[in-house]
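To start, the structure under review is shown below, and the notes come after it.
Coordinate-derived values only; no laboratory data. This is a predicted model, so every value here is computed, not measured. We place every Cβ from the backbone using ideal geometry, glycine too, and count neighbours over all the protein chains shown.
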Amino acid sequence: IRRLASIGDAPFILRTAGVRSILVDQDRIWIANYMGGVTCLQPGSSLTTLNANIIRTASDNYAFGVDVAPDGRYWVAFSQSIGSFAPDGSDQKTYLEHEAGFLTVRAARDGTIWAGGFNTGTYHFDPRTGKREHYASLVDQHVLDCVYDIYEDSHGDIWVGGLNFQLTRLHQLPDNTFEKTHYPITLISSLAQLDDETIIASTTDGFKLVNMISNEVKIYLNDEEKWIGTNYIADARTRAGHEIWVATAGAGLLCYNLTNDSIEAFGLENGLPSLELRGMSIANDSILYVSTEKNGIFAFDCVNRCYIRSMMTSDGLPMNEFLQNSSTITHNGNLLFGGDNGAVVLRESDITSTHKDFSIIVDTKGLKENIVRRGSDESHTIDIQLSTSDIYHQKEYIFFYRMEGIEKERTIIVYYVYYR
């Protein structure tokens, strides 16, 4: 960990691995990373990277799963251990170091921690007392379960899904044991909740809705002939009570409307930087924050159905490659994503409140300094074309103009630009 002194009014705390050289250029910090290119860190950034302190191999820093506990601590499922950090990224504590292959971690509301991964089974432990339970297989099979996600629903039940075993619901009884209910769903990549009665299970073959009361299972987006590339759902979030937004591993972003049974697809033509999506979180029931395989993190406006912008290493992001179903929003509104170099914590404003290039390019006939001068022998037709120098977001700009100050020999034209 390197702590950099304050530059002007912009203090920096940099946590990253493989730093070879640092150059301070006025109010910017240039960082040369080993096998990581060059990063330019701008003032005011609150980016924090959470890494495993004990590094055995390069893969030990892979953050496959992240979560935030009720006390505000971050929990990270590294490839070789489960890590816990204070909100400022300090005070790391490590658990289950003897195991390997962790993929997910869930901080339950009762203060206990659930974890699992590739051929690990499911772990349940209390970091306060040290008490620990291990379920090699939730369905009593002869091999260790491959656990891809663990989810706590609004009723306090724990849902565990993965590769080679059925989706399992764990309901805690008064004697602190757990009653198990199994559902015929495997190949699960992530779990979420739609409402008080419905769980969403994202799989490599579409997503399933599980009714908690009747145990009925409904299947969506598994028509491979119609939706080639959309079958693999990496993560899902809900919005407005009837929209299910899914991040796919190859077909971009999809919105399934349960009310009218319709599907909207958003890909590269809508501004998305990648079709290979990994983790996803939603803020204020409107803005999706989506991590990608190799193109950083981007924001998408669900209300206006438009891409906002991306955040890459050139924006100060310590990594561009992120991992599946490894994302959450902290209690204070920060974003937490897991990637190939640990987990990164950033503010929503780091992505959404970027500088917009509002410079306008005006191509007109007879227009000079916003004033049209008309003589008696000139045409009364004015041709005005507006554009912007921001070539990457042309579809998000709306241009309009109005006439004011109409006089005998001149008309004043005022033009505006709006970024939606």
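What nm distance separates the two modelled labels at K131 and D301, each placed 7 Å from Cα along Cα→Cβ?
5.0 nm
Relative to the compact globular guide of 2.2 N^0.38 Å, what is the alpha carbon radius of gyration of the stretch 176-306, as a ratio? Please list the in-between numbers first.
Values: Rg = 14.7 Å, N = 131, 2.2 N^0.38 = 14.0 Å.
In units of the globular-protein estimate, the stretch 176-306 measures up at 1.05.
Suppose R0 equals 45 Å. What FRET efficiency, 1/(1 + (r/R0)^6) with r the Cβ-Cβ distance, do D88 and D140 give to the nearest 0.05?
Values: r = 43 Å, r/R0 = 0.96.
The calculated FRET efficiency here is 0.55.
Using a Förster radius of 22 Å, what is the FRET efficiency between A32 and N53 based on their Cβ-Cβ separation? Nearest 0.05, please. Could you put the intermediate results ahead of the total?
Values: r = 22 Å, r/R0 = 1.02.
Given R0 = 22 Å and the Cβ-Cβ separation, E is 0.45.
Let's test the formula: R0 of 22 Å, r as the Cβ-Cβ distance of N260 and N211. What FRET efficiency results, to the nearest 0.05? Each step should come with its number before you reach the end.
Numbers: r = 20 Å, r/R0 = 0.93.
Computed FRET efficiency for N260 and N211 comes out at 0.60.
Working from the pairwise distances between different alpha carbons, so that the mean of 1/r is found and then inverted, what is the stretch 42-191's Kirkwood radius in Å?
Working: mean 1/r = 0.0631 Å⁻¹.
Final number for the Kirkwood radius of the stretch 42-191 is 15.8 Å.
Just to confirm a number: summing +1 for Lys and Arg and -1 for Asp and Glu over residues other than N320 whose beta-carbon lies under 14 angstrom from that of N320, what do you get?
Details: positive: R278, K294; negative: E276, E293, D315, E321, D340.
Net charge in that neighbourhood comes out at -3.
Would you calculate the separation in nanometres between label points at K294 and E97, each defined as 7 Å from the Cα along the Cα-to-beta-carbon direction?
3.5 nm
Just to be sure I understand the model, the point goes 7 Å from the Cα along the line to the Cβ. What's the resulting D71 to K218 distance in nm?
My value for the distance between the label points is 4.1 nm.
Using 0.36 nm per residue of separation minus the Cα-Cα distance, give me the extension gain between T204 and K180 in nm, one decimal. Don't skip to the answer; put the middle values down first.
Numbers: separation 24, 0.36 × 24 = 8.64 nm, distance 2.39 nm.
The T204-K180 span can extend by a further 6.3 nm.
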